[in-house]
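Only one structure is covered here, and it is reproduced in the block below.
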Amino acid sequence: MPSYAIPLPNPPALPVVGTSELFPVRRIYCVGRNYAAHAREMGHNPDREEPFFFMKPADALLPSGSVMPYPPATKDLHHEIELVVALKGGGADIPAEKALDLVYGYAVGLDMTRRDLQGMAKTAGRPWDMGKGFDNSAPCTALVRAAQIGHPDKGAIWLKVNGVERQKGDLADMIWNVPETIAYLSTLVTLAPGDLIFSGTPEGVKAVVRGDRLEGHVDGVGDLTVTIG
Ligand code: MN
C-alpha cells in the first residue's frame, strides 16, 4: 500500500437493497433535458436533439432520508426527480443493444439545482458546475439490483413537496432511453464500473424552501425522502 500525504477520503458509495454491501461510486453523469415537456418548460425545443451531459462530484451524494442543508449562494433551489442508473461495467462506443448488460441497478435521485446560478452561467456562456455540482446536490436512494427488478423502461416518476404533487411523468417519455443514453455517453467518455447516470427529469421543476419535505418515487425502483434544512 502506498502512503498518502493526507488521510484518504472515504469513497462515495450507495447502499444496495437486500444486501449489506455498498456500491462504490466513481463518477456522476447527468443528462440534460431528457423529457420533452421539461425541455419546453425550460424554453427549449423538445425535438430529438443530440443529448448533452454535465457532471456532479461523486461526493455530492446525500442518502435518502437526510436533511439537505439549504445550500449557500442561491435563492432559487430547484428539485429535479430522476431515475438513476448504476453501472457495473464500462467501455467506450458501447452499442445500445449491449448497454443494459452493463447496468448493475437503479435508484431514485434528485438533481438539485441552484437555478439562479445555472441561469447566470447559461447567459454568460459559463460552465454549469456551481449551479449543479455543489455539496449535497445529489440526494439518492439505495440501489435496487437489475437482477432483482429488471430494467424499468416505463412507469410513473413523480415528486411531491409537502404532500402536493409537483412533478409527474413516465419513464417511457424519455427522449433518449437508458440504453441509448449509455451508448451516446460512451462515445464521449470511457464509462467504468461505479459510474452513475442521472437520466433527466420530467416537467414541473420548481423552487423549494427550508422546511420543505420532498418525496420522490419511481415505479418499481423506490421512494426517496429529503427535508430541506
Ligand atoms: Mn436534471
Quiz prompt | Output for the stretch 121-143, where each listed residue is surrounded by fewer than 17 Cβ atoms within 10 Å (Cβ to Cβ), within 24 Å of GLN167 (Cα to Cα) and either modelled with pLDDT under 95 or away from the ligand (no atom under 16 Å from the Cβ) (or both) | solution = ASP135
Practice problem: Kindly list, by first and then second residue, each pair from a residue in the stretch 1-19 that is modelled with pLDDT of 95 or more to a residue that is of a type in the set (Ser, Thr, Tyr), limited to pairs with Cβ atoms under 9 Å and residues at least 6 apart or on different chains. | Solution: LEU14/THR141; PRO15/THR141; VAL16/TYR104; VAL17/THR141
Practice problem: Give me the pairs, please: first residue somewhere in the stretch 30-55 and on the phi > 0 side of the Ramachandran plot, second residue anywhere and aliphatic (A, V, I, L, M), beta-carbon distance under 6 Å, and either six or more positions apart or on two chains. | Solution: ARG33/ALA39
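Conditions tested, residue by residue: (1) surrounded by 14 or more Cβ atoms within 10 Å (Cβ to Cβ); (2) in a strand (DSSP E or B).
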position: ARG166; (1), (2): yes, yes
position: ALA172; (1), (2): no, no
position: THR181; (1), (2): yes, no
position: VAL189; (1), (2): yes, no
position: ILE197; (1), (2): yes, yes
position: GLY200; (1), (2): yes, no
position: GLY204; (1), (2): yes, no
position: GLY211; (1), (2): no, no
Quiz item: Residue check: is GLY91 small (Gly, Ala, Ser), surrounded by 14 or more Cβ atoms within 10 Å (Cβ to Cβ) and over 27 Å from ALA207 (Cα atoms)?
Solution: yes
Quiz prompt | Every residue from the stretch 43-67 that is within 16 Å of the ligand (Cβ to nearest atom) and either more than 23 Å from ALA207 (Cβ to Cβ) or surrounded by 15 or more Cβ atoms within 10 Å (Cβ to Cβ) (or both) | solution = PRO46, GLU49, PRO51, PHE52, PHE53, PHE54, MET55, LYS56, PRO57, ALA60, LEU61, LEU62
Practice problem: Test VAL85 against the criterion of being farther than 22 Å from ARG40 by Cα and without any contact (Cβ under 8 Å) to a residue 12 or more places away in the chain, and give yes or no. | Solution: no
Quiz item: Any residue at all in the stretch 144-160 that is within 16 Å of the ligand (Cβ to nearest atom) and farther than 22 Å from VAL67 by Cβ?
Solution: yes
Practice problem: Filter the stretch 11-42 down to the residues that are surrounded by fewer than 18 Cβ atoms within 10 Å (Cβ to Cβ) and of a type in the set (Ser, Thr, Tyr), then identify the one that is nearest to the ligand (Cβ to nearest atom). | Solution: THR19
Quiz prompt | Given (1) assigned to a strand (DSSP E or B); (2) aliphatic (A, V, I, L, M); (3) in contact with an Asp or Glu (Cβ under 8 Å, 6 or more places away or on another chain), number of the condition ALA37 does not satisfy | solution = (1)
Quiz item: Which of (1) farther than 25 Å from ARG166 by Cβ; (2) crowded, with 16+ Cβ neighbours inside 10 Å does LYS98 not meet, given it meets every other one?
Solution: (2)
Quiz item: Taking the stretch 88-112, which residues are more than 16 Å from the ligand (Cβ to nearest atom) and free of Cβ contacts under 8 Å to residues at least 60 places away in the same chain?
Solution: LYS98, ASP101
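Here's the yes/no breakdown for (1) over 20 Å from ARG33 (Cβ atoms); (2) under 17 Å from the mean Cα position of the chain (by Cα):
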{"position": "TRP176", "(1), (2)": "no, yes"}
{"position": "GLU180", "(1), (2)": "no, yes"}
{"position": "LEU196", "(1), (2)": "no, yes"}
{"position": "PRO202", "(1), (2)": "no, yes"}
{"position": "LYS206", "(1), (2)": "no, yes"}
{"position": "ARG213", "(1), (2)": "yes, no"}
{"position": "GLY222", "(1), (2)": "yes, yes"}
{"position": "VAL226", "(1), (2)": "yes, yes"}
{"position": "GLY229", "(1), (2)": "yes, no"}
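The values are calculated or read from the model by the stated rules, or taken from the named source; none is laboratory data. Model, not experiment: these values are computed from the prediction. For neighbour counting, all protein chains shown are included, and Cβ atoms are generated from backbone atoms with ideal geometry for every residue, glycine included.
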